[in-house]
Every structure is written in C-alpha cells, then in structure tokens.
Amino acid sequence: MERIECKKIKEEAYIEKLENGMKVIIIPKHNLDKKYIIWGTHFGSIDNRFIMPKTNEEVFIPDGVAHFLEHKMFEQPDGTNSLDTLMALGLDANAYTTNNHTAYLFECTNNFYKGLDELMDYVQHPYFTDENVEKEKGIIGQEIKMYDDEPGWRLYMNALDCMYKDNPIKIDIAGSVESISKITPDVLYKCYNTFYNPSNMIMVVCGEFNPSEILNEIKSRLVQKEEQGEIKRIYPEKEKGINKNYKEDTMEVSFPIFAIGYKDDEGINRDIVKKHIAIEILLNMIIGKSSEAYKELYEAGELLSVPDLDYEFAEQYAHILISGQSKNPNKIKQKIEEIVEKYKQKGLEEEHFNRIKKKTYGDYVVEYNSVGNIARMFLSDSMKNINSFDYIENFNEVTKEYVEEILKNVFKKDNLVMSVINCKDK
Amino acid sequence: MNYIKKDIKKGVSLHKINTNKFKTNLYAVFIATPLKREDVTKNALITSILRRGSKNFPSQDLISKKLEEMYGASFDCGIEKTGDNQIIKFYLETINEEFLPEQEELTKKSLDILFDIILNPLIENNGFKKEYFDSEKRNLKQIIESKIDNKRAYSFERCIEEMFKNEPYGLYKYGYVEDLEKITPQNLYEQYKKLISNAKIDIFVSGEQKDDSILNIIKENEKIIKLNEREAEYIENKENTNKTEVKETQVVEEHMQVAQGNLVLGLNINTEIENAKFVASLYNAILGGGANSKLFQNVREKQSLAYTAGSTYRRQKNVIFIRCGIEIKNYEKALNTIKDQLKDIENGEFSQEDINNSKELISESIRSINAEQDTEITYYYGQELSDNFTTIEEYIEKINSVTKEQIQEIAKTISINTIYFLRD
C-alpha cells in the first residue's frame, strides 16, 4: 500500500491498486464514531457512446442511463431493496450520479461490516427485468418533473447550453421522460458489464480503520471478474469558443436568477490543482464577500448575497459559473467584466491577494471536518486523477504572478455567457 | 460528558463542548425571545442590520476582510423558530490554531468580533444607521417575497401557517411585508434594546479546549460585562404533552404554475401518556422516517405515486407533517393511500422488525450528533430550552424502551388537522 501524508493538517491516506484494477483509498481517522464508505464507477451522464472492450461492439445509449442504472442497482431478485436493507441496519445509505461518475455510499456509527456485506453484494449483482425497469420509469419520471420545477436547475442547464454546442455535459443527468422510455434491461446490462468492471471503479473509506485490516475485508468480498481492456469512450470533438452568449427563460420566481459563465477552452492541464486554487482565489477577489464589486452591488440592492462561485471541470469540459439572484443580471455581468479587465491591466493588489489566499487555505482545511466530505472529495478528485492533499500541499506554489496568468488565460471576454430566469408576469 | 454549562450572569450562560474531532472551533450566540406578530419582522430585520457593521467594525467589507485574514473564518447569522420562540443565531467558525501554517491567536479575536457585531451596533440619531436600515429593509422584503420560489419548502411553510393560524407557531420566521412599512431606524433600535436586555442569551463554544481560559475571555469582554442580569423572557418547551381539541380537518388548495403537485398533511397527536414524545418519534419513523417507512414503501415504491414521500416530527410542538411530491391527477389516490397507512399503524399492522429498524434509525441519528459541531450545539441548545435535560445516552435509552402497544395507542389519538395541496 502506498501511504501519502499531509503534515500541515495531520492527515494521511493509504492507496492500493488491486490485481483486478480497482483502486482502494483508505483515510484513517481517530476518535471518530462515524465511518463512511463510497464506491464509485467512472460512468456518468456524459458517457453515452462507447465501445465494449470484450465484444468490440459500439453502443449508443439513451440519455439518463447512468442515473437509471443507479436507481435499479438496489433491486434484488428476492424482491427486497438494498437501500431498505441498509436503512434497516440504521445506516444512512444513498447513491448519486454526476456528469462523470456514479457512486454508492453509506455512513454509520454501528454495523459497518454488515453494511459492507450488503453494499458489496448489491453493487456486484445486478438484477434487471422488463417488469422492474418499467416500474422505475414512473418514479424517475416524477424525479425529472421535480427538477423541471426547479428554477436553479433550468438556469444551470441553460448556462451549459450557452457555453457548449455539442457536448454531452448538456445532457440532463436524469434524461427526459421520452429518453428513459427507451431504456431496456439489455441496455442496462451492457452498461453494467462495461462500466462496473473493477478496473473502472474506485472505493474510498474514511473513519477509524486499520488500513490493512479494512483492505482485507474489502478484498474478501470482491467477486472474481475477468480482466477487461480499456473502455473506449466516444465524445464529440472538443469545440473552441461558445455556443451563444445569452439565454433566458421565464418561470415562477420572485426575483430573476442568473448564471454567468466563462467557458475554459484549455481545461485540465498538468497543473490542474494549482489552476483550480488560482481560479478560486480569483473568483473571491472579483466578486467574493470583501470585493469592491460585491460591496457596490450589495449597497445598490443589486445583490442580496454573495453569488455561488464554481469551477467545474473534467476531461471533456471546464467552465466557471457565478450564479445568484438579482433584479438586474446585466449590471452584475457588466461589473464583473469591468473588474476582470481592471485586474488584467493593473495586476492584482498584493495585500488583497494574500488575504484571499489565506481565506482559500482555510476553506480547504474545513473540508476535513467530516468523514463524508473527505471520502466524497477523494472519490471525485481520483476520478480526475487528482490527489486531494495537493490542494493543501501545493498551496504555497500559487503565486500572484501565476494567478495573474490564469486570469488572462481563463477569464476571456469572448467566452463569457449569461443565463437568466425571469419572473413570470403576475 | 464533554458538555459543561456555566452561568456568566443571570439569563446569560456559556455552554462548552470539548471535542477533538474537528479542524475548527465553532462559536455561537443564540438569542431567544417569544414569537410575537408585532416583533417577528423587527427581529428578523435587526439580525440582518447587525451583520452589516458594528462600532468597531463599521462595514461588512471590513468584517469580511478581518475574517479573511483569520484564514477565512466564517461568520453567519440566521433566524429560526424553535417551539414558540424566535431564535436569532450568530455563528463564527475558525480553523483550530493547531492546523494553521503559522502560529497565530484566533480565539480572542473571534469572540471580540462576534460580540462586537451583536452587542455594539452602529447607531446614529438614536437609531440604526440609515443606509444599512434602508438596504436591509429592501433585502428582507425580497427574502419574504421569495418564499414562493422553492415549491416544496413553500408548501410546507403554508401548511404550518394554516394549521397554526393565529398562534405564535404559525408565524413566518422572517416576518411580513406589510409590517415592514411601519418600521423606522429609531423604533427598531428601541426593539433591539428591549431584546438585548430581556431575551435569553446563550453562548456556545465547540472545539478542543485545553484549559478554562475561554470562560475568562468571555467574562472579561467589555460588551459582556455591560449586559444586565435578566429574568430571561422565553417560552420553555415542555417535555410532557397535552390533549388538544380535535377539530374537523381543514382542506386548503392553492394554485400556481407547477408541473408537480405538493401535498402536505399536518397531524395532531392527542395524548398525555408518559414519554409521549419518544413514542411519537418512533411512530413518525415507522410512518415516514426513511426508505423502510410505510409512506415511502406504499406511496413511492408500490404505487409509483411520488418521488418524495415522508414525514417529519416537530418535537417541540408535538405534531407530524406528511410531505409528498405527486402527479397532480393522483391527488385522491395519494391521499387515500396515506390515510390507509395511518389506519394500518392504528390496527397494529407493523412488525417488531419495523420497530427495531426505526429504533436503530433514530439511535443512529442521535449517535451521529457529535459528528458535526453545529448539530451538537443545536442538541444541547434544545435541551437548554426544554424543561427537562436529556443526555444523549438517556435519549437512546428512552427510544429503545418504546413498545408496540404504546405506538398503537398513540396512533389511535392521531387526527388530520390540515390537508394542504399546491397544484396547477
């Protein structure tokens, strides 16, 4: 087992690549009653076209399959549902699907090994029938409708539509009522057999564990599976530039909401962690709590609170999103553009930069307050080949000059978009 | 127990939670006052004005800058409704000094800022600073109006409002737009002075404390020294329950442009049995507590009527709310299925296994309280507001002692007070 350490915050992690290709990450914690485990497959809503390694068959699947599969994994041949079984043990169990991965998890203080039995059993034993697939369509149909009523979700999807012409990130994670109607057990089995192979999976555990003991417990519950070759995923070619710079919609909201995006054409590079830290610092300098832009907009009643600041990235996409609520989204966009230009020309102020850098350091440390946060962070970072400790370890390498360079490369006027949801006339 | 309470003066207490599970220290100040229509909007407004700036930190960006320098300490405040009290909450979280890249003192700095914001407001012409007053009034109006944005939360709020019409608990914690108009910087400052000198004030500190220095830091703070002793005005939450008058179910329907219908039912529990609140907790868990509950299994899984189906027990008020997101045309069917579940529990159609699962579900959530600093603080504050202090161990014990007969007995006393439906 490889051991990595983060001395500044007194944390360590053990990493093992098993013979079957699965990666296991163990983050031991002391004096904690709570244990957390998460098992993820590198299969998300964007993986809609691929070649199955064993048969060389090219498969093109309807939107929403990864999420549908997640729902169906819980169903067992004896009619029981694994989520119920886990909950009956008093475990807090769940699963979720993102753009690039699907994860199954539970947390508990008691009954960890009973939970581990169940988790590793259901994730390794799919059971899809015509009947149980049909039934699920009703439930997921309701979930899709719930999202349709959420202005925040529509805002986000429209922002993506502005930034990308043809990119699978635009696919709604749950799909549509129409697309899921095409899902069959056969499609689900094809995806399961391809993506739920151990070589495409990562498991993370966090809590009071002895690393080699827990590793053996995990190994002993693994089903032998044939080694498969690399999964070839087919994506549309990456586009430079944006699709359109503005999109608006009308919904029942009391005040307009906006999402301002900068599409990042460059995306993941060797220095992605450094780059990510730099972008977080920049976003806070531009429109964070102590920024002059926020002060001005807040005092003018244009903003009620600090907008959500996000940098989302994976191999296939990368963009910044600044989203919030305002009567006047255009004013917010203008102000941001103005500040970005000013910083580009005059450079960043030393005192301001250092202060925000300190704040960003604190934000990363706080992530280590809960076993759940730690495990989820290690899983999603590992899906992108990132070691989470690097966010703390590489911190000092992020200089003002480097951040100014990122500002010029990423915050490009031509890649700026805005999505707005307006209020319905009353 | 890692929890100690110390009185600083009459009506003002320090609560210390010693824990080494976190990278942070969390400081909280809670101000409790009875919910009243004439005060609720004012108190909400006071909270948001205070955070704009104090005498020593006169603007929000100065406060923010100060906090950023402290490795991004975070300050937050908010309004809650706990039983018949309106609670004004202030939090400050800092990195524990052990995990800083360089040595620095943060505890005293944190408490100085926190107390200054709450107890040393920026005053001009015998009122709050006009500029902050005006913009916060505008913002609060927007917050109250944006209540409709989240349809699920809105429906829940509306059901509570209908169920507790003309009672303190039916009040909206952020107040009312029509009441905002009558507030001036001066009459609001009067309300502030009244609040600070009469309300119950509790200070919580959670984190690793090697010694008792924190008590002295607080006692020696000049803003704390200036606070008067008080016979704190607040509504104590009663551990024992009372019988209430059973009324005919009221049905409220509201229309909005929605794709999904939101159905919320408010239930009364009409009993005086001992430990009723623990029995009701278990009843609620069986009815709609999780994936094994009757509602989830029957409304969502068996009939595919809903994506969300569950229930919540509001312990302080001893009431249960059932919440479902359903297809609008399925209203009757969903309502009948829900009523069937209530009847089933009454008739004892649940197993010992259901009871054990529910006990484990609740115990697990109680055992997890110490895994989050604010959750642990909230638990002990709940005990502080109650007329009966229950430790975490006692809580689990009482949950485990509930019997099937007690659950059935309580089920028979349950009546539907309000049915609220939001539809197109």
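The values are calculated or read from the model by the stated rules, or taken from the named source; none is laboratory data. Note that the structure is predicted; figures quoted are calculated from it, not measured. Heads up, the Cβs are rebuilt from the backbone with ideal geometry, glycines too, and the neighbour counts pull from every protein chain shown.
Which of the helices (runs of 4 or more DSSP H) contained wholly in the range A:94-168 include at least 1 residues that are over 30 Å from A:ASN210 (Cα atoms) and within 13 Å of another protein chain (Cβ to nearest Cβ)? By residue number, A:130-148, A:151-163. Contact annotation: residue pairs with Cβ atoms under 6 Å, 6 or more positions apart or on different chains, pairing a residue in the range A:84-106 that is in contact (Cβ under 8 Å) with a residue 60 or more places away in the chain with a partner that is hydroxyl-bearing (Ser, Thr, Tyr), are A:ASN99/A:SER45; A:THR102/A:THR41; A:ALA103/A:TYR96. All of A:ILE257, A:ILE268 fail the test of being surrounded by fewer than 23 Cβ atoms within 10 Å (Cβ to Cβ) and in the same structural domain as A:HIS352 (by TED's automatic domain parsing), apart from A:ILE268. Looking across the range B:1-19 at every residue that is in a strand (DSSP E or B) and polar (S, T, N, Q), the one that is nearest to B:SER197 (Cα to Cα) is identified as B:SER13. Every condition in (1) under 18 Å from the mean Cα position of the chain (by Cα); (2) within 26 Å of B:LEU140 (Cβ to Cβ); (3) part of a loop (DSSP other than H, G, I, E, B); (4) of a type outside the set (A, V, I, L, M, F, W, C) is met by A:GLY267 except one, and the failing one is (2).
Within this structure, B:ASN25 fails the test of being surrounded by fewer than 18 Cβ atoms within 10 Å (Cβ to Cβ), assigned by TED's automatic domain parsing to the domain that holds B:GLU136, at pLDDT 95 or above and closer than 22 Å to B:VAL205 by Cβ.
Yes or no: A:TYR192 in contact with a Leu (Cβ under 8 Å, 6 or more places away or on another chain) and under 17 Å from A:ILE46 (Cβ atoms)? No; evaluated as a whole, the condition is false for this residue. Just one of the listed residues (B:LYS165, B:LYS193, B:LYS200, B:LYS173) is in the same structural domain as B:LYS89 (by TED's automatic domain parsing), farther than 30 Å from B:VAL246 by Cα and surrounded by fewer than 20 Cβ atoms within 10 Å (Cβ to Cβ), namely B:LYS193.
Matching residues to (1) at pLDDT below 95; (2) touching a strand residue (DSSP E or B) at 6+ places or on another chain (Cβ under 8 Å):
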residue: B:LEU282; (1), (2): no, no
residue: B:GLY289; (1), (2): yes, yes
residue: B:SER293; (1), (2): yes, yes
residue: B:SER358; (1), (2): yes, no
residue: B:ASP374; (1), (2): no, yes
residue: B:TYR379; (1), (2): no, no
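Note on the range B:110-140: residues that are at pLDDT 95 or above and either assigned to a strand (DSSP E or B) or basic (Lys, Arg) (or both) amount to 8.
If you check B:ALA32, B:ALA28, B:ALA44 for being under 29 Å from B:GLN383 (Cβ atoms), of a type in the set (Gly, Ala, Ser), touching a Gly at 6+ places or on another chain (Cβ under 6 Å) and more than 12 Å from chain A (Cβ to nearest Cβ), only one passes: B:ALA44. In the range B:52-64, the condition of being of a type in the set (Ser, Thr, Tyr) and more than 9 Å from chain A (Cβ to nearest Cβ) is met by at least one residue. Does A:ILE25 satisfy the condition of being over 19 Å from the mean Cα position of the chain (by Cα), buried (at least 17 other Cβ atoms within 10 Å of the Cβ), of a type in the set (A, V, I, L, M) and over 21 Å from A:ASN99 (Cα atoms)? Considered against the rule, which asks whether it is over 19 Å from the mean Cα position of the chain (by Cα), buried (at least 17 other Cβ atoms within 10 Å of the Cβ), of a type in the set (A, V, I, L, M) and over 21 Å from A:ASN99 (Cα atoms), A:ILE25 comes out as no.
Among B:PHE99, B:PHE75, B:PHE22, B:PHE115, which is the only one that is within 11 Å of chain A (Cβ to nearest Cβ) and under 26 Å from B:LYS173 (Cβ atoms)? When all the criteria are applied, what remains is B:PHE75.
The residue of the range B:335-354 that is surrounded by the most Cβ atoms within 10 Å (Cβ to Cβ), among those that are in a helix (DSSP H, G or I) and in contact with a helix residue (DSSP H, G or I) (Cβ under 6 Å, 6 or more places away or on another chain), is B:GLN341.
Considering only the range A:342-378, how many residues are more than 14 Å from every other protein chain (Cβ to nearest Cβ) and without any contact (Cβ under 8 Å) to a residue 24 or more places away in the chain? Residues in the range A:342-378 being more than 14 Å from every other protein chain (Cβ to nearest Cβ) and without any contact (Cβ under 8 Å) to a residue 24 or more places away in the chain: 3 in total. Inspect the range B:157-168 for any residue being touching a Gly at 6+ places or on another chain (Cβ under 7 Å), of a type outside the set (D, E, K, R), closer than 29 Å to B:GLY310 by Cα and not in a helix (DSSP H, G or I) and give the result as yes or no. Yes, the conditions are met somewhere in the range B:157-168.
Of the numbered criteria (1) modelled with pLDDT of 95 or more; (2) surrounded by 20 or more Cβ atoms within 10 Å (Cβ to Cβ); (3) closer than 25 Å to A:CYS108 by Cβ, the one B:TYR395 fails is (2). Those residues that are farther than 19 Å from A:GLU350 by Cα and modelled with pLDDT under 95, I need them from the range A:266-293; list them, please. Correct list: A:GLU266, A:GLY267, A:ILE268, A:ASN269, A:ARG270, A:ASP271. Search the range B:93-103 for residues being part of a loop (DSSP other than H, G, I, E, B) and without any contact (Cβ under 8 Å) to a residue 24 or more places away in the chain, and hand back the single one that is nearest to B:ILE203 (Cα to Cα). Selected residue: B:GLN103. Take the residues in the range A:30-54 that are farther than 27 Å from A:GLN316 by Cα and crowded, with 20+ Cβ neighbours inside 10 Å, then tell me which one is nearest to the other protein chains (Cβ to nearest Cβ). Among residues in the range A:30-54 that are farther than 27 Å from A:GLN316 by Cα and crowded, with 20+ Cβ neighbours inside 10 Å, the one nearest to the other protein chains (Cβ to nearest Cβ) is A:LYS34. Of everything in the range B:289-334 that is polar (S, T, N, Q), within 10 Å of chain A (Cβ to nearest Cβ) and outside any helix (DSSP H, G or I), the residue that is nearest to B:ASN270 (Cα to Cα) is B:SER293. Kindly establish whether A:VAL24 is within 23 Å of A:PRO185 (Cβ to Cβ) and either aliphatic (A, V, I, L, M) or not assigned by TED's automatic domain parsing to the domain that holds A:ASP390 (or both). The answer is no for A:VAL24.
You will find that of B:SER365, B:SER351, the residue that is within 9 Å of another protein chain (Cβ to nearest Cβ), of a type outside the set (D, E, K, R) and free of Cβ contacts under 8 Å to residues at least 12 places away in the same chain is B:SER365 and no other. Restricting attention to the range A:76-93, the residues that are within 11 Å of chain B (Cβ to nearest Cβ), crowded, with 16+ Cβ neighbours inside 10 Å and of a type outside the set (A, V, I, L, M) add up to 6. When the criteria are applied in full, B:LYS130 fails the requirement of being out of contact with any Pro (no Cβ under 7 Å at 6 or more places or on another chain), surrounded by fewer than 19 Cβ atoms within 10 Å (Cβ to Cβ), of a type in the set (Lys, Arg) and in contact (Cβ under 8 Å) with a residue 40 or more places away in the chain.
Selection within the range A:397-408: residues that are touching a Lys or Arg at 6+ places or on another chain (Cβ under 9 Å) and assigned to a helix (DSSP H, G or I). The member of this set that is modelled with the lowest pLDDT is A:GLU397.
Put simply, of A:LYS165, A:LYS170 the only residue that is surrounded by fewer than 21 Cβ atoms within 10 Å (Cβ to Cβ), closer than 24 Å to A:TYR235 by Cβ and touching a Leu at 6+ places or on another chain (Cβ under 6 Å) is A:LYS170.
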